[in-house]
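First up is the structure itself, then whatever we jot down about it.
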Amino acid sequence: MRYIDMHTHTTMSDGLLTPSELIDYAVEKKLSGIAITDHDTVDGIEEAMIYSGQIDNFIVLAGIELSTELLGEEVHILGYGIDYKDKELLKLLEEIQSHRKKRIKEIVVKLQSLGLAITHEQVIECAGPGTIGRPHLAKTLLANNYVETIEEAFNKYLAKGAPAYVPRYKLHPKEAIRLIKNVRGLSVLAHPGLIKSQKIIRKVLEMNIDGIEVHHPDHTWEERCRFEDIARENRLFITAGSDFHGPKVGAGRHGDLASEKISEDYIKSLLGKCEGVVDHRG
């Protein structure tokens, strides 16, 4: 049977591999395809689409992971089979990126006021061509020996309630779901096991979402069973993804590529004629 990993990140957000390198790694892992689901950007999809054309029988799904907030908690919404060239989508993503850049500058100023000698330029260099975010700040703190782990950087400085925290641009889950549907994609609640409030999960399920990510490296067996029941009760489709960021990202950064995967036939039957699907047959 052929399998697809439905949750991956590239250097266009906070992943360690370029889209082309990610595809090579997927082939090495004997996957038949991947979904590119970078945070709040579609910049890696075109490269993946083009590069995958050199590989027989490999599928690339155009996706995205939109960061939203509900009742004070972060909620991520995955979109699959999207028209990643849609003007409305690109306009919103440009606005989100503008807010991201402004936020990073404000966090750097706060860190400097705490006596940490890091610069905005160092964070930009760490981010490279990808979408800049708090993980790059954490890596910069680590590189400058202010913390010993990425987790410590978040807990000590960057997480909500920490001294250098700055609130982010707040997209509502309903807006994200509407946007994904408008660009002819399918919307999925990402890693619900990481959401602390069950009330939030229930509210998102009432927003006409299409699916739920049941299988994720951070989900326990009990959580997977519970989310499968929720999917069945709400007539949602299920997905499985490793939330891959890199082959050596360490503890706390989800799973290795292909550690979570789902049948190609199941996913293709759901996506049907969605815009953002490339299936290269030799």
| query | For Leu141, are the conditions met, namely being in a loop (DSSP other than H, G, I, E, B), open to solvent by less than 70 Å² (accessible area, probe 1.4 Å), in contact (Cβ under 8 Å) with a residue 12 or more places away in the chain and farther than 26 Å from Glu213 by Cβ? | reply | no
| Test: Asn155 is farther than 27 Å from Gly72 by Cβ and without any contact (Cβ under 8 Å) to a residue 12 or more places away in the chain | no
| Would you call Ser67 within 25 Å of Leu205 (Cβ to Cβ), within 20 Å of the chain's Cα centre (by Cα) and at pLDDT below 95? | yes
| Only one residue in Ile209, Ile230, Ile238 is in contact (Cβ under 8 Å) with a residue 40 or more places away in the chain and buried (at least 17 other Cβ atoms within 10 Å of the Cβ), so which one is that? | Ile209
| Yes/no for Glu69 being assigned to a strand (DSSP E or B), closer than 21 Å to Ile132 by Cα and open to solvent by 30 Å² or more (accessible area, probe 1.4 Å) | yes
| message | Being in contact with a Gly (Cβ under 8 Å, 6 or more places away or on another chain), closer than 23 Å to Asp218 by Cβ and open to solvent by less than 10 Å² (accessible area, probe 1.4 Å) is true for just one of His7, His39. Which residue is that? | response | His7
| Going through the range 149-191 one residue at a time, which ones are among the small types (Gly, Ala, Ser) and touching a helix residue (DSSP H, G or I) at 6+ places or on another chain (Cβ under 6 Å)? | Ala153, Ala164, Ser187
| task | Keeping to the range 55-71, report how many residues are hydrophobic (A, V, I, L, M, F, W, C) and closer than 20 Å to Asn182 by Cα. | result | 4
| Any idea which residue in the range 174-197 is most open to solvent (accessible area, probe 1.4 Å), counting only those that are within 18 Å of Ile238 (Cα to Cα) and not aliphatic (A, V, I, L, M)? | Lys181
| remark: Within the range 256-269, restricting to residues that are in a helix (DSSP H, G or I) and open to solvent by 60 Å² or more (accessible area, probe 1.4 Å), the one that is nearest to His216 (Cα to Cα) is Tyr266
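The values are calculated or read from the model by the stated rules, or taken from the named source; none is laboratory data. All of these numbers come straight from a predicted model, not from anything done at the bench. Note: ideal-geometry Cβ built from the backbone for every residue, glycine included; neighbour counts use all protein chains shown. Heavy atoms of the whole protein, side chains included, go into the accessibility calculation; ligands, DNA and RNA do not. Shrake-Rupley method; radii C 1.70, N 1.55, O 1.52, S 1.80 Å.
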